[in-house]
Amino acid sequence: MTIYALGDVEPTIHPDAYVHPDAVVIGNVTIGAGSTVWPCAVLRGDYGVITVGERTSIQDGCVIHATSDAPTFVGSDCVIGHNVHLEGCTIHDRVLVGSGSIAMHGVVVESGAVVGAGAVLTDNTHVPTGALALGVPAKVRLNAVTRDFISDGAERYARNGIRYRNELRVVG
């Protein structure tokens with residue numbers, strides 16, 4: 001894995017987290033126990049703080065950044081889909097952010113909400129618990145999420161991180 005200090009600031013990665021060798025983690029980043037960071041994901045804590053809770057999956061190609069005014073917080077038991085861009089936002093526990101989505105400065109996604117694939121959450125968008133955000137720019141549908149498949153996905157990726165830690169090897 002490629003882990004960089006920036007000046008005196010080093011990432012803090014829990015020993016039970018899994019960061020794929022092709023992911024990049026720089027600077028003021030904290031990754032919690034059981035979380036996974038997959039290939040080509042970049043978590044760049046140069047201008048601000050990035051925090052990832054426990055058992056959260058940051059999937060392939062994600063870009064997570066922050067500003068000095070707006071840290072980026074991702075809670076526990078979340079699934080952050082492929083190619084998601086998060087910057088200066090707050091993603092609470094048990095949230096699914098679908099592939100290709102963007103959540104920008106001041107966005108808040110409450111626990112149990114879903115951001116659909118490809119959605120763009122512009123500055124200061126609020127997605128309440130149980131809501132579904134879809135579209136460009138995202139429109140929020142209240143009380144649209146009825147089953148808890150988010151925790152199942154987060155648990156599956158946490159188990160996959162253990163598998164990768166134990167079984168991944170370079171063959172060529």
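FYI, it's all coordinate maths here, none of it is from the lab. It should be emphasised that the depicted structure is a prediction, and the values quoted were computed from it without experimental measurement. Using ideal geometry, Cβ is built from the backbone for each residue, glycine included, and neighbour counts are taken over all protein chains shown.
Going 7 Å from the Cα of Tyr164 along its beta-carbon direction, which residues of the range 20-45 have the amide nitrogen within less than 15 Å of the resulting point? Answer for the range 20-45: 20-25, 31-43.
Name the shape class, rounded, prolate or oblate, that the alpha-carbon gyration tensor gives for the range 35-126, where a ≥ b ≥ c are the square roots of its eigenvalues, rounded holds for a/c under 1.5, and otherwise prolate holds if a/b is larger than b/c and oblate otherwise. Could the numbers behind the result be given before it?
Working: a/c = 1.25, a/b = 1.05, b/c = 1.19.
Rounded, since a/c falls under 1.5.
The H on the amide N of Thr12, modeled in the peptide plane, is under 5 Å from the matching H of Val29, Thr30, Ile31, each at least 5 residues off or on a different chain.
The C-alpha atoms of the chain define a longest principal axis, and helix 149-167 lies at about 10 degrees to it. Each residue of the range 27-44 was assigned a 3J(HN,Hα) from its phi angle through the Karplus expression (A = 6.51, B = -1.76, C = 1.60, θ = phi - 60°), giving x, 7, 10, 10, 10, x, 4, x, 7, 10, 10, 9, x, 6, 6, 10, 10, 10 Hz with x at Gly and Pro. Could you compute how fast the chain diffuses translationally, taking Rh as the Kirkwood radius over C-alpha pairs and applying Stokes-Einstein at 37 °C with viscosity 0.692 mPa s? Give it in µm² per second. Calculated translational D: 210 µm²/s.
For the options Tyr47, Tyr18, Tyr157, a Gaussian network treatment of the chain with springs between C-alpha atoms closer than 10 Å singles out Tyr47 as fluctuating the most. With no solvent and one point per C-alpha, what does the Debye sum give as log10 I(q)/I(0) for the range 117-172 at q = 0.14, 0.27, 0.30 Å⁻¹? Scattering profile of the range 117-172, log10 relative to I(0): -0.60, -1.05, -1.13.
Under a Gaussian network description of the chain, with springs only between Cα atoms under 10 Å, the residue in Thr125, Thr146, Thr90 that fluctuates furthest is Thr146. Taking other Cβ within 10 Å of each residue's Cβ, how do Arg169, Arg156, Arg55, Arg94 sort, fewest first? Ranking Arg169, Arg156, Arg55, Arg94 by Cβ neighbours within 10 Å, fewest first, gives Arg169, Arg156, Arg94, Arg55. Spin-label pair Tyr47-Thr129: with each label point 7 Å from Cα along the Cα-Cβ axis, the two points sit 3.3 nm from one another. Comparing Ala103, Ala138, Ala154 in a Gaussian network model of the chain where C-alpha atoms under 10 Å apart are linked, the largest mean-square fluctuation is found at Ala138.
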